[in-house]
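Only one structure is covered here, and it is reproduced in the block below.
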Amino acid sequence: MARFLFATWEGGGHVQPMLLAARGLAERGHAVLAISDACNAPDAAALGIPFQPWRTAPSRPDKSPAGDPVKDWLVQSPFEMISALCDKLMFGPSADFARDAAAAIDAFGPDVVVSHELLFGVMAAAEAKGKPFAAFAANLWSLPTIPGMTPFGVGMPPPADEEQLAVNTRLRAATREAFQRGRPALNEARAALGLAPLADVFDQLDRARRILLAVSRAFDFPLALPEPYRYVGPYFADPAWAGEWRAPWPEPLARPLVLVSFSSMYQAQEAVLAKVIEALGDLLVQGLVTLGPALAPADFPAPANVAVVQGAPHSLLYPKAAVVVTHAGHATATRPLMDGVPLLCIPLNRDQPDNAIRLVERGAALKLTRHDSAADIAAAVMRLIEEPAFAAAARSLGAAIAADADARSAEAELLALAAQPLPEPRSL
C-alpha cells in the first residue's frame, strides 16, 4: 500500500478531478489524504476522501466572492492577472502553504505529494522533506514552461507562420519574466525550509517527478510534451453541490433544450447570464440555467421557457441538450462533446479563451464575447441548433475525448512514481 497526499485550493473546476484521482487510488487500496480550503470538505466527503483544511494558508470557508483570494474578475489584463496570482496564491502565501504541507507530510507520511500546479509552497515543502512530488493540472497547461505552447489565456491558435511563431515566443518570454515578481517570496519560503534559493521561480517545477495534465490529448492542439509532462486524460463527475435532478417541466421536452452554465465560481458573470436568459426567451427552446453556489436564482428573473436553478447534475442533462452555452471552463467546454452537443462559448477569463479556440477551430462551437448582445446570442444558438455540421464536429471530437477519458492514467503515473527510488533531499 502506498500513501498519497493531495494538495489543492478552491479555484473552481480543478478540485473535482484531483479528488477523483485520489478516489481512484483509494479504490485500489492505497491511503490518500486531501488538504484544501475548508469549503472543499463536502466535495471530498462525497467521494469518500479523508480531508483536512489549510490551517495557516488561505482557506475559504465558503465559495462566496468575498473569500476569493485572487478576485480575477477585477483584473484588466493578462499581466495584472499574473500579478494577482503571484501575490495572492502562488508565491505571496507560499510560506504558509509550505508550513501546512510540511506538517501534513510529517503527520501522514506520504510516499508521494500531489500538488496543484500553482501551489509552489507545497512543492517546496515536499522537496525539503525528501518526498517525490507531482504537479497536477486539470486544465490546459497554464505556465510558460513548454516550448511551442501558445500563451495562456489569450485564445490563440497555433502559429501558422514564422512571424506568428516569433510573436508566440516573445509573449511566452514576457510572461515568464512577469512571474519572477514572486521569486523573493518563494525563496523566503524555501529558506525557512532549509532549501537553497532559486534563480527562476520555475526551477521549482524542475524538481517535479511528474507534471500531470488531466485533459484530453485530443482536445489540446498538437504539442510534443517534454519530460516530465504527461497527458493523463480528463476526470469528470458532477460536483456534490449539483444536487438531484427534478425536471421543472413536463417530459419529454417538445422543444430543444439549451443548457447554460457559467462557472461554479464567481467571475462577474451576472450581466452575461442576464443577456443569455433574455436571448433564450425569444426562441422556441427550453432553457435551463445552472448558476452554481456563488449566485442566487432569485436574482435572475426569467421568461416562462427558461428555468434558473442553483445546480443540476449536468451528466444527466447533456444527453438531452441541443446546445450548451458556457463560459468555456475546461469541464463544461469538453464534457458536452462526449454526448455530441455543440457549444456557444462566451469566455470571461482564465483558460476559457484557450478552451474556446480549440472548439471553434474544430468546428464544434461558436464563440462570442461578453459584450455581444442578446440578439447575437440568440442568433448563435439557432445556428448551432439548425446547422448539423456543428453537432457532427462535436460528436467527432467528443468520441476522441471519451476515449482519452476511458484511458485516464493519473493513478498509474502516481503509482509508478511511488515505486521509484526516493530523491536525495536538497538543502543549503
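We did not get these values from a lab; they are worked out from the coordinates using the rules stated. Keep in mind the model is a prediction, meaning the values are calculated, not measured. Virtual Cβ from ideal backbone geometry, glycine too; neighbours counted across all protein chains shown.
Tabulated data
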read-out	value
Relative contact order [Cα under 8 Å, 6+ residues apart], the chain, whole percent	17 percent
Degrees, to the nearest 10: 94-108 long Cα axis against longest axis of the chain	80 degrees
Ellipticity estimate at 222 nm from DSSP helix runs (n ≥ 4, -39,500 (n - 2.57)) divided over the chain, nearest 500	-10500 deg cm²/dmol
Degrees separating the helix 15-27 axis from the principal Cα axis of the chain, which is the longest one	70 degrees
Mean Cβ count within 10 Å, highest first, over the residues of peptides 409-418, 173-182	409-418, 173-182
Global geometry of the range 372-420, whether rounded, prolate or oblate, following the gyration tensor of its Cα atoms and the 1.5 cut on a/c	oblate
Global geometry of the chain, whether rounded, prolate or oblate, following the gyration tensor of its Cα atoms and the 1.5 cut on a/c	prolate
HN-Hα J in Hz across the range 37-45 - Karplus 6.51, -1.76, 1.60, θ = phi - 60°, x for Gly and Pro	4, 4, 5, 8, 4, x, 5, 5, 4
Nearest-0.05 FRET efficiency for residue 45 and residue 146, computed from C-beta distance (R0 45 Å)	0.80
Where labels lie 7 Å past Cα in the beta-carbon direction, separation of residue 251 and residue 71 in nm	4.2 nm
Reach of residue 88 by Cα under 17 Å, taken over lysines that are not fewer than 8 positions away in the same chain	63, 71
Shape category assigned to the range 321-428 from the gyration tensor of Cα positions, a/c cut at 1.5	oblate
Enclosed volume per residue, in Å³, of the convex hull spanned by Cα atoms of the range 242-403	104 Å³
Point-to-point label distance, residue 106-residue 200, nm (Cα→Cβ direction, 7 Å offset)	3.4 nm
Beta bridges by DSSP in the range 242-403, antiparallel share as percent, to the nearest 5	0 percent
0 to 90° range, to nearest 10: angle between helix 352-361 axis and the chain longest Cα axis	60 degrees
Calculated from backbone phi, Karplus (6.51, -1.76, 1.60) coupling profile of the range 392-405 in Hz, x at Gly/Pro	5, 5, 4, 4, 5, 5, x, 5, 5, 5, 4, 5, 5, 5
Two-site FRET efficiency, residue 167 against residue 87, from Cβ-Cβ distance with R₀ of 25 Å, rounded to 0.05	0.35
From phi via Karplus (6.51, -1.76, 1.60), per-residue ³J(HN,Hα) for the range 162-168 in Hz, x at Gly/Pro	5, 5, 5, 5, 5, 4, 4
Estimated FRET transfer efficiency when R0 is 60 angstrom, pair residue 188-residue 244 (beta carbons, to 0.05)	0.80
